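Everything on this sheet refers to the single structure shown next.
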Amino acid sequence: MTATTTGHADDHDLPPGVPTAPRAGRTGGRDLDEPTLVVRAQEGDLRAFEVLARRHQAALYRLAVRVLDNRDDAEDALQDALLDAWRRIGRFRGEASFSTWMYRIVTNRCLGLLRRRGPALPVAEMAEMVEVAEAGTGIVPMPARRPSPEDAAELDAGLVALRAALADLPTQQRVCFILRELEGLGYAEIAQITGAGEQAVRGRIHRARTRLAEVMRPWR
């Protein structure tokens, strides 16, 4: 089973290797709070882990698509990350939230794939990155009225340039920028996910914003 792209957590299947049958004597756990589910999963309750995974799977898949710019690679990264999380759930100590812990595992998997794939990134599937223009960054102005054909052509050219600029960002800058601007995470949480200091995270995001603003200046 692989992740789908519907955007709803319950529509995503868990990857192969993560069992779905509930342990004897356990309930499905869908109504349990997250700390309880984590404890149960650490005790070996497979169904509890499945419920946790389903709650976060849509956001994790979206992150993987945005970082990798490839849906097949994103599915692979998510599958590997969920299997990693199941194997390592006993080592989760709650220093960060479960979602932050999962974001970090997925991010690390994505970075590993990028290293193996090489520096060049395709831009054909970066439609999700258009959301940057709607995320309040001001990098690409969105017209307040229905655009004319000339305006639409200019906007399309700007979005193509934006996608290329995002693909050209250094990997760590792109990851931090996506986590901040597209996922809406705070600097401290991004630092936990990436393993970098908060100042380093702020610096990467600032440099990414500066670079994107420079590239997009003709369209402002």
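The values are calculated or read from the model by the stated rules, or taken from the named source; none is laboratory data. Everything numeric here is computed off the predicted structure, so don't read it as measured data. So basically every Cβ, Gly included, is an ideal-geometry build from the backbone, and we count neighbours across all protein chains shown. For accessibility, only protein heavy atoms count, side chains too; no ligands or nucleic acids. Shrake-Rupley method; radii C 1.70, N 1.55, O 1.52, S 1.80 Å.
Taken over segment 60-78, the residue count meeting the criterion of being part of a helix (DSSP H, G or I) and open to solvent by less than 30 Å² (accessible area, probe 1.4 Å) is 11. Looking at segment 192-208, which of the residues that are assigned to a helix (DSSP H, G or I) and out of contact with any helix residue (DSSP H, G or I) (no Cβ under 7 Å at 6 or more places or on another chain) is nearest to Ile105 (Cα to Cα)? Here the answer is Ala200.
Within segment 59-83, no residue that is in contact (Cβ under 8 Å) with a residue 60 or more places away in the chain and assigned by TED's automatic domain parsing to the domain that holds Leu185 sits with its Cβ atom under 8 Å from a residue that is of a type outside the set (A, V, I, L, M) and open to solvent by 10 Å² or more (accessible area, probe 1.4 Å) at 6+ positions apart or across chains. Among Gly184, Gly195, Gly203, which is more than 19 Å from the chain's Cα centre (by Cα) and either open to solvent by less than 40 Å² (accessible area, probe 1.4 Å) or closer than 19 Å to Met102 by Cβ (or both)? From the options Gly184, Gly195, Gly203, the qualifying one is Gly203.
Search segment 30-47 for residues being acidic (Asp, Glu) and surrounded by 14 or more Cβ atoms within 10 Å (Cβ to Cβ), and hand back the single one that is nearest to Arg88 (Cα to Cα). Within segment 30-47, the match that is nearest to Arg88 (Cα to Cα) is Asp45.
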